[in-house]
Amino acid sequence: MATPEPRDHRHAFARLASAATALMVIDGTVAHVCCEPSARDAAACRSRVVFLADTTAARTDAENHATLHTIYRSFGDLRPAGEALDLIRGG
């Protein structure tokens, strides 16, 4: 099997769609470039999206807040990391 190009996200999307992933927990840097599109893809695959609001970042607070607002309004659930871990652990 050939190794996909680092910027080719089609492979990751295809794996996500075929895996029927029930829950996708997302965090990272440059929230509006990488994290938000991942949340959109997961939502399109009918996964529940939990976006870790306190562990994502962007170049500016305004960009990060805009991303958090978009996720909250359209694609997923915003949670602090600790709260998300408690939910995953069954707490």
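Observations
- Residue 66-residue 48 pseudo-label distance in nm [points 7 Å out on the Cα-to-Cβ vector]: 3.1 nm
- Taking the average, over residues, of other Cβ atoms within 10 Å as the packing measure, peptides 75-88, 29-42 rank 29-42, 75-88 from highest down.
Every read-out reported here was derived from the displayed coordinates using simple, explicitly stated rules and does not represent laboratory data. In this text, all values refer to a predicted model and were calculated from it rather than measured experimentally. Virtual Cβ from ideal backbone geometry, glycine too; neighbours counted across all protein chains shown.
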